[in-house]
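The values are calculated or read from the model by the stated rules, or taken from the named source; none is laboratory data. The shown structure was predicted, so the numbers you read here are calculated from the model rather than taken from an experiment. Cβ placement follows ideal geometry from the backbone for every residue including glycine, while neighbour counts extend to all protein chains displayed. To get the accessible areas, we keep the full protein, side chains included, count just its heavy atoms, and leave off ligands, DNA and RNA. Shrake-Rupley method; radii C 1.70, N 1.55, O 1.52, S 1.80 Å.
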Amino acid sequence: MTGFLPVDSLDTPRFCGVPTFMRLPLAQPGDTLDAAIIGLPSDSGSPYRTGARFGPGAVRAMSVMLRPINPYRDHINVFERLRVADAGDASVVPGYLEESLARLEASVSSLVDQGIVPISLGGDHSVSLPAIRALSKRHGPLALVHFDAHSDTWNSYFAGKRYSAGTPFRRAAEENGLDPAASIQIGMRGSLFRADDVSQSVDLGFEVLTTDQTLDLGPAETARRIAERVGDRPVYITFDLDFVDPANAPGVQTPEAGGPSAREALALVRALAPMNVVGCDVVEVNPLYDGPGQITALLGATVALEFLGLIATGRASGVSGAAP
Ligand code: MN
Ligand code: MN
């Protein structure tokens, strides 16, 4: 399998060329792909710091630091296992969330309908809802693996509004886009507006591991709990950068002190067992608040590449792939 490799950074320097994710080819109509990077640059669902609309560009810019071989998964070259290209960004209607969600769903659907696994770059967390809508139309209710300091299962936010970065997983569960009985949220922590902020997820049927619980369990046992929860269901993985401590990921909308380090977060992602990943996202990278060196964007890019490695490993072991 050839033809969809990143530009060789040993031949052409990283700061040259077209700034796609890892300098992969830009997707062209008719390409036969296993997975595609797609930017979902909406921050119209942000209750606090806006700016995640610039997340996809920031993640792509730092993704040039990544290299194709994954030493945590048998030294596979991800791009020799999967045909991957960068599909660019979806369009949005800034300030109009529901119209933006419709546009995002149409763009993700155009990939999903071709059997391409979308690797979405947010955008605030509201962008997970249209991706789940697009995928569940094809695969049925999905298992969710959700890394986040917050549950994002509120019923509404501000004047009873049903769509925001704080509500996508309640909406997705209500719409049967998710199967809560096969879903797990990892990383909840911090102060709350209401005492039931975490228990509302449990009431919806999700399993919840707080930051303290997952750090006590360690990456291997947390990964085992995740695998047990999702089984062989089609899985959507979503990674909100505020899962990570603000010391390591300051460029987010709603930082939450006392989270896992970048190292701890990556250890967990790298411990994930092969599963039937049909889509995933990395959201809430906000370069307007990022630290020197664009460390949040770098971590987001790294997580996205680890998800590609997970998908490649899953394909090899026969548990994963864009289902027909
Ligand atoms: Mn979130
Ligand atoms: Mn969050």
request  = Would you pull out the residues with amide H under 5 Å of Val208's amide H, same chain only if 5 or more places away, H placed 1.01 Å from N?
outcome  = Gln185
inquiry  = Given axes a ≥ b ≥ c from the Cα gyration tensor, I'd like to know whether the stretch 190-249 is rounded (a/c under 1.5), prolate (a/b larger than b/c) or oblate.
reply    = oblate
ask   = Against the longest principal axis of the chain, how steep is helix 262-271, in degrees 0 to 90 to the nearest 10, with axes from Cα atoms?
value = 80
message = Give me the 1.4 Å probe accessible area per residue for the stretch 42-92, excluding ligands and nucleic acids, in Å².
response = 45
query = If you take every DSSP beta bridge whose two residues both sit in the stretch 21-316, what share of them, in percent to the nearest 5, is antiparallel?
reply = 10
remark   = Residue by residue through the stretch 193-204, the couplings from Karplus 6.51 cos²θ - 1.76 cosθ + 1.60 with θ = phi - 60°, in Hz, x for Gly and Pro, are 7, 9, 5, 9, 4, 8, 5, 5, 5, 5, 4, 6
remark   = Fraction of alpha-carbon pairs in the stretch 180-324 farther than 28 Å apart, rounded to whole percent, equals 18
request  = Using a 10 angstrom cutoff on alpha carbons, build the Gaussian network for the chain and name the most mobile of Asp290, Asp113, Asp124.
outcome  = Asp113
message = Which order do you get for His146, His75, His139 if you rank them by accessible area with a 1.4 Å probe, largest at the top?
response = His75, His139, His146
remark   = Relative contact order in percent for the stretch 227-296 (Cα pairs under 8 Å, 6+ apart) equals 45
note = Between Gly39 and residues 5 or more places away or on another chain, the pairs with built amide H atoms under 5 Å apart involve Gly88, Asp89, Ala90, Leu121
message = Compute the angle between helix 295-317 and the longest alpha-carbon principal axis of the chain, please, reported from 0 to 90 degrees and rounded to the nearest 10.
response = 70
message = If I fit a long axis through the Cα atoms of helix 128-139 and take the longest principal axis of the Cα atoms of the chain, what angle between them do I get, 0 to 90°, rounded to 10?
response = 70
key: the stretch 83-180: chymotrypsin sites (Phe, Trp or Tyr not before Pro) in DSSP coil with no more than 11 other Cβ atoms inside 10 Å   = Phe158
task = Quantify, in whole percent, the carbon and sulfur part of the accessible surface of the stretch 153-255 (1.4 Å probe; protein heavy atoms only).
result = 51
ask   = How large, in Å, is the chain by the Kirkwood hydrodynamic radius built from its alpha-carbon pairs?
value = 19.1
request  = Quote the convex hull volume per residue of the stretch 1-153, based on C-alpha atoms, as a whole number of Å³.
outcome  = 141
query = Residues with amide H under 5 Å of Gly279's amide H, sequence separation 5 or more or different chain, H placed in the peptide plane at 1.01 Å from N; which?
reply = Val235, Ile237
ask   = Taking all protein chains as present, what is the carbon and sulfur share of the accessible area of the stretch 49-114, in % to the nearest whole number, probe 1.4 Å?
value = 50
query = Between the stretch 246-301 and the stretch 58-91, what is the C-alpha centre distance in whole Å?
reply = 16
1.4 Å probe accessible area per residue over the stretch 202-323, in Å² = 34
ask   = With each run of n ≥ 4 DSSP H residues scored as -39500 (n - 2.57), what mean residue ellipticity at 222 nm is computed for the chain after dividing by its residue count and rounding to the nearest 500 deg cm²/dmol?
value = -10000 deg cm²/dmol
